[in-house]
Every structure is written in C-alpha cells, then in structure tokens.
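Worksheet: one structure, shown below.
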Amino acid sequence: MQTNRFTTFLARNSYVLVSVFGLFVWWLVLRSFKPETPIFFDEITEAYSPLMWCISLVALSIPVIVYLCSKTFRALPWTQQVVSAGLVLLLASIVHRPRTYLDAQVIFFVCTLVAFAFDKQRRLNRPPMFFIVSGVYFLWMVLSLIWTNDLHEGQRFLSHMVPLISYPIAFTFICLDKENFNALVRTFMRVAMIGCVLSLGCAIYEAARVGVPCTIFLQLKKFLFMNMVPVYDVIFAWSGACHPSYNAIWMTAAVVAIYYLRYSNLISAFEAFFGCGLTLLVLIMIQSRVGFVMWVIVNMAGLVYLFRKSPKKLFPTLFVFLLLLGAILLANPLWSQKLTADSTRSILLGIARDYITARPILGSGIGGMSYAHVEEVVGYSFQNWWPEYASASAFYPHNQFLGDWMQSGIVGFILLIALLLSVFYDAIRTRRFMPFVFTMALLPLMYIEMPFRFLTGTTIIALVWCFTECNFRPAPDSKPDTSPCDAATNTTVHTDTPAQ
C-alpha cells in the first residue's frame, strides 16, 4: 500500500522532482569548476542568443510534447487537434522570447482557420461581452489617429494593440472540450514553472561565474550586479524579456492556473505549493515590486477559492499566509514603503494630470504624447529630468488609465474602464475564477505601467482573457439546445467545477 502511494506521488509530481533534481545537479556541476565564458550577456557575445534560444526553447517544449502525446489530445477529432496544437504552442511561447510568440501566433491563426474550414459542425460562437468592448476600444484608438500629433508613433503604438482585436476574433471560431481545456491549462502552468526554473539556473550560473553566493539574488531591494547590469537582466537573459513587470504577467497567470488546477484536483497539493513558492522566489530575485503585489492578490483570492467551503482550513491557512507576507515585508521596510511610493512615477502622474486638465476631451491622439507636445500643453519643461529617457520616442505616464486619457481623451478612458468591467462581468456571469482573479491582479500593474503600450503586455493579457473565457463543447450526453457554440439564441453558463 505504501509502495503504491509512493509510486503515485512520484507520478503526480514528476515535473517538480525532475526540476529540483536538475537544479541540484546544475549547482553541483558549477561548484566543481568556475565558469569563465560570459554567455549570459547579449552585449558581450553574439554567440549567446542562438545558443540559449535553442536550449530554453527545448526545455519549455517538454510539457508541450507530453501534451501532444497524451490520450486527451489523441482522442480529439483531427480538427480539434489542429486547433489545440496551435493553441498549446501559443500558450507556451509567451514564456519565451517575443519573436517566438509572434511566429507562434501566425501558426495559431492558420490552425484556427484550417480547422474551422474543415469542421462539418462549424459555428461561430456567441462572443462574450468583453470581445465586443475590446473591438470598440480598439476602433476608437484607430479613430484617434485622425488627430494624433505623431502619425508614425501612433501607428507603431496601434500595432502593439492588435492582439486586443485579433485574439477575440480568433476565439469566436474555437470551442474546446472541458477535459482538453484543463489539459491545456496544466501544460501552460508547467511551461511557466520550467521558465522559472530556467531563471534560477541562470542565477546559479552567474553566481558561480562571478564567485558570489546565490543568496545575493534574494534581497528585497533594487541593486546592480556586475558591470552595472540590473539583476533581472541576468536572470532573464535567456528569455529576452528583461523588464520584470512583463515577466510578472505570465507568472501571475501561472499562479492563477495553479489554484484552478488544484481546486479541480488536476495537480497535487505538493506541485501547487512548489509552483507558488517558485514564482515568489523568482519575483523576489527579479525585484518586481508590482509582481509581488500581483502574487499576493492571486494567492489571497486563490486560498479563498480553494477553501471557501472549508472554513476550518481557510482561516488558519490565511493566517499563516499573512504571517509569511508580514515577515517578507518586515525584512526590508524601505522596500515595502516603495510599494506605494515612487517619487519618479509620482512626478510622471502629476505631468499626466496637468495634461489631462488642459486637454480632457480628445487628448493627443494615439502615440501623440511626444515630449515637445506634452511640454507645450502643460507649459513647463521636464524632459531633462530623466536623462535615461532622453532617447525615448514619446512620453508616457507609466499608468494605463491616465495614458489612455492623455492620448485618446475621455472616451478612451471610459472604454478602458468598460473593457475591464466587461471582463469581470463575463467572469462573474459564467462563474469562472481564472479571468476574474487575473484581471483583478492586473489593476496594480495598470496603475504603474502601460501594458497595452507594449506587444508583450497586450499579447499575454489578451491571450489569457480569451483562453480562460473560451467556449466549451457540450458533453456527449448533453442536449443539443444547451450547446455553448450556438450563435443564435441559446446560452449556457459554464462554471469552474472540479473534474469528476
């Protein structure tokens, strides 16, 4: 009996055990000799990019290959296999370099069109409300090109927002079996965990090469590491996404997936605990304050979601979680204070408010927030305050809400609010945990950054929204009039319920 339990434990936690064992072996190997080749700096050696691109891509492909070989995938009709293959590649690619998911989304769109063309039961899905609101929001941004102060920058800005319209269109053609959806969520979560393991491997390598302890990465303050390179450049050198806040987006989505999978009993409690702890460790290493806030929000909501029917487990668990959170914040009071106070961003927000007061109706037009234009409107010079931004193409206030109001006027601001509210509405209407909590965690990020300004932000956010709100195919024994893919009059509420 104990042997069976041990075998079951090994089988259910194979990803965790292999990851831990691999990191331990990697550490032992690096302890035996001191690496000299500076392969983890793109600016030092051009040989790094193709080498690490291949190594990381192979590692991240392991869960994808396992999924494509699984019984769940093989049992699907061939048209569903085509869609699922394109979708799993897209989900896995957002953990890798941006160039990778640009290629992956082309494959995904082609797979979706091919499957729809040859599916004998093809129907367009009734789109969730946020699909429609997202389209209106995007079209208003297109319209604002008419009065933009910089047409070239506006077109570039708009090109980064295309996922907000392209993914909703693609997902109107897609219906997934619930079991297949769960398998895709699990695959994405494990790809993200491997991404975090790769980050730890990079940190171990750099510590060995420079001759410092690995614990140098585990401190709650911003610091520079070797040749004035920020620490997150070191750890995320393999991915090419060197901004900690944007790596925090896919890690946040992975933690949301962990709680959904654990509630549905699709992963073990050990793997769930490992995943949450691993993402916290990496977020501390990359010094992402907003990522830490997002992690806290997701875990608080996830614990309530997981134990909401068991108060005897919920309250002690929340108490222990809050103790852990308090200990982390007390470890460096200055770091915790900067979660709510940042002098540079405060000045940027003040400039944005002054601009909005002067031009509240139409704004500058999308991409029109050039330094010269904004300084002319607010009536004072500020560009020389930040020499590091002197080469930037345009000013932006590091706040999605004020940024949209600045460049698209009051209508753009209202449409952004409507977009977020529509995601919440659809998630509540269908009682889905993942899109609701993921969007809730995005709010602090949107307060200190403009994720829709960058392709990385819009790609990950739009994909997670569309995927977690995708339509489900009816079970084989369900009645025809309850199909969620019926675009005529019928609707079906799908809930996040445990797998039977």
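The values are calculated or read from the model by the stated rules, or taken from the named source; none is laboratory data. The shown structure was predicted, so the numbers you read here are calculated from the model rather than taken from an experiment. Here Cβ is always computed from backbone atoms with ideal geometry, including for glycine, and neighbour counts include all displayed protein chains.
It is to be established whether one or more residues within the stretch 159-171 are closer than 30 Å to LYS71 by Cα and touching a Leu at 6+ places or on another chain (Cβ under 7 Å).
yes
Would you confirm, using the coordinates I've provided, whether VAL64 is assigned to a helix (DSSP H, G or I), modelled with pLDDT of 90 or more and more than 28 Å from ASN13 (Cβ to Cβ)?
Spelling it out, it is not the case that VAL64 is assigned to a helix (DSSP H, G or I), modelled with pLDDT of 90 or more and more than 28 Å from ASN13 (Cβ to Cβ).
When ALA392 is evaluated against the numbered criteria (1) modelled with pLDDT of 95 or more; (2) in a loop (DSSP other than H, G, I, E, B), which criterion, by number, is the only one it fails?
Here ALA392 meets the rest and fails (1).
Mind counting the residues in the stretch 436-456 that are outside any loop (DSSP other than H, G, I, E, B) and modelled with pLDDT of 90 or more?
14
Any idea which of (1) within 16 Å of ILE194 (Cα to Cα); (2) modelled with pLDDT of 85 or more; (3) among the aliphatic types (A, V, I, L, M) is the one ILE55 doesn't satisfy?
Unmet condition: (2).
Of all residues being within 22 Å of PHE181 (Cβ to Cβ) and of a type in the set (Phe, Trp, Tyr) in the stretch 258-304, which is surrounded by the fewest Cβ atoms within 10 Å (Cβ to Cβ)? Just the residue, please.
Going through the qualifying residues, I end up with TYR263.
Taking the condition of being within 22 Å of LEU463 (Cα to Cα) and at pLDDT below 90, how many residues in the stretch 251-282 meet it?
Count: 0.
For the structure I just gave you, tell me whether TYR425 is touching a residue at least 12 places away in the same chain (Cβ under 8 Å), surrounded by fewer than 21 Cβ atoms within 10 Å (Cβ to Cβ) and of a type in the set (Ser, Thr, Tyr).
Spelling it out, TYR425 is indeed touching a residue at least 12 places away in the same chain (Cβ under 8 Å), surrounded by fewer than 21 Cβ atoms within 10 Å (Cβ to Cβ) and of a type in the set (Ser, Thr, Tyr).
Let me confirm something: among ILE361, ILE366, which residue is at pLDDT 90 or above, crowded, with 23+ Cβ neighbours inside 10 Å, of a type in the set (Val, Ile, Thr) and touching a Gly at 6+ places or on another chain (Cβ under 9 Å)?
Only one candidate qualifies: ILE366.
How many residues does the stretch 206-245 hold that are at pLDDT 75 or above and crowded, with 21+ Cβ neighbours inside 10 Å?
Residues flagged as at pLDDT 75 or above and crowded, with 21+ Cβ neighbours inside 10 Å within the stretch 206-245 amount to 2.
Which pairs turn up if I take residues in the stretch 289-318 that are closer than 16 Å to TYR263 by Cβ and assigned to a loop (DSSP other than H, G, I, E, B) and look for partners that are modelled with pLDDT under 90 and of a type outside the set (Gly, Ala, Ser) with beta carbon separation below 8 Å, at least 6 apart in sequence or on another chain?
Taking only residues 6 or more apart or on different chains, the pairs are ARG308/LEU314.
Matching residues to (1) closer than 27 Å to ILE361 by Cα; (2) aliphatic (A, V, I, L, M); (3) within 21 Å of the chain's Cα centre (by Cα):
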| position | (1), (2), (3) |
| --- | --- |
| SER408 | yes, no, no |
| VAL411 | yes, yes, no |
| LEU415 | yes, yes, no |
| GLU449 | yes, no, yes |
| PHE454 | yes, no, yes |
| THR458 | yes, no, yes |
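Quick one: which of PHE307, PHE321 is under 23 Å from GLY275 (Cα atoms), modelled with pLDDT of 80 or more and touching a Lys or Arg at 6+ places or on another chain (Cβ under 9 Å)?
Of the residues listed, the single one that is under 23 Å from GLY275 (Cα atoms), modelled with pLDDT of 80 or more and touching a Lys or Arg at 6+ places or on another chain (Cβ under 9 Å) is PHE307.
Can you tell me which residue in the stretch 107-136 is farthest from the chain's Cα centre (by Cα), limited to those that are buried (at least 18 other Cβ atoms within 10 Å of the Cβ) and in a loop (DSSP other than H, G, I, E, B)?
The residue in question is ASN125.
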